[in-house]
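Comments concern the structure below.
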Amino acid sequence: MSRATILIVEDEEDILELVHYNLVREGYHVFGVTSGEDGLNKARSDLPDLVVLDLMLPGVDGLEVCKLLKQDPKTRHIPVVMLTAKGEEADIVAGLELGADDYVTKPFSPKVLIARIRAVLRRKAKEAVEDASVIKIHEILIHPGRHEVLVKDKPVELTFTEFRILQYLARRPGWVFTRFQIIDAIHGDDYPVTDRSIDFQMVSLRKKLKAAGEYIETVRGVGYRFKE
Ligand code: CA
């Protein structure tokens, strides 16, 4: 993890230099750019493990960069840590809603920024492991690596989005998830995911699971739950 690649997007040269220096000293592989356009291009071409993103940039600003990165299936998994100025609360909230993972307010100590970066990378690594682990519940077996679902040892053909929904719910049986939480977690690529489309996906998913579809329960007025 210490050889993770980090992209810094910051137009203020002295801050860029300070962050660059400190991250290299921590053992990270680092590159820096000074505009939103360059940040987007570099993120798309090099797919770094994390982006440190200043919000106040000339031209394409940080929020726009964050939005474009999080909209693109190729880059949306890359965590973003925002650099913000004091009094930019509205931008911080907007950035977090766009999918940024954390933020540090200027002026900041490099130690704090590094601690935040480490925490975000650790969290992402944990999620990746969790995402890859096999789930066995009732007579259902979900194998993320093979993108395979077996019910009583018989394979069930699911779309990418249906698979992600099943995986998400079955990971935490008994927990109730709202439609919004499900949409946020699955980021379906093959379907425009909205409140209504989640309901359609559930109908289709239950049908394909046949008798095992009964494990997916509708919780009136809230959302969905996988039966314990
Ligand atoms: Ca700036």
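Rounded to the nearest 20, the Cβ-based charge dipole of the range 5-130 about its Cα centre (Lys and Arg +1, Asp and Glu -1) stands at 660 debye. The longest part of the chain holding none of the exposed loop trypsin sites (Lys or Arg not before Pro), meaning those outside H, G, I, E and B in DSSP with at most 14 other Cβ atoms within 10 Å, is 4-73. Per-residue 3J(HN,Hα) values for the range 196-203, derived from phi via the Karplus relation 6.51 cos²θ - 1.76 cosθ + 1.60 with θ = phi - 60°, read 5, 5, 4, 4, 5, 4, 4, 4 Hz in sequence order (x marks Gly and Pro). With everything on Cα atoms, drop me the angle between helix 62-71 and the longest principal axis of the chain, reported from 0 to 90° to the nearest 10. Relative to the chain, helix 62-71 is tipped by roughly 30 degrees. Here the range 5-130 has an Rg and Dmax of 13.1, 39 Å, counting Cα atoms alone. Compute the angle between helix 36-46 and the longest alpha-carbon principal axis of the chain, please, reported from 0 to 90 degrees and rounded to the nearest 10. Helix 36-46 and the main axis of the chain meet at about 60 degrees. The GluC sites (Glu not before Pro) of the range 114-172 that DSSP puts in a loop, and whose beta carbon has at most 13 other beta carbons within 10 Å, are Glu139, Glu157.
Taking the centroid of alpha carbons for each part, the range 106-166 and the range 39-54 are 22 Å apart. With axes computed from alpha carbons, what is the tilt in degrees of helix 13-25 against the longest principal axis of the chain, rounded to the nearest 10 within 0 to 90? Between helix and principal axis, roughly 60 degrees.
Convex hull volume of the Cα atoms of the chain, normalised per residue: 133 Å³. Start at zero, step by 5 Å, and the Cα-Cα distances of the range 56-162 spread as 2, 10, 15, 17, 15, 11, 9, 8, 7, 4, 2, 0 percent across the bins. Over 18 Å between Cα atoms: which of Lys136/Lys207; Lys42/Lys106; Lys42/Lys70; Lys67/Lys106 fall into that group? Over 18 Å apart, Cα to Cα: Lys136/Lys207; Lys42/Lys106; Lys67/Lys106. Here the range 104-182 is treated as a Stokes sphere of Kirkwood radius computed over C-alpha pairs; at 20 °C and 1.002 mPa s its diffusion coefficient rounds to 143 µm²/s. Spin-label model, Glu17/Leu47: points 7 Å from Cα along the beta carbon direction are separated by 3.4 nm.
When only Cα pairs below 8 angstrom with a gap of at least 6 residues are kept, the chain shows a relative contact order of 12 percent.
Read-outs: derived from the displayed coordinates by stated rules, not from any lab. Here the structure is a predicted model, which means the values were calculated and not measured. Cβ atoms come from the backbone with ideal geometry, glycine included; neighbour counts cover every protein chain shown.
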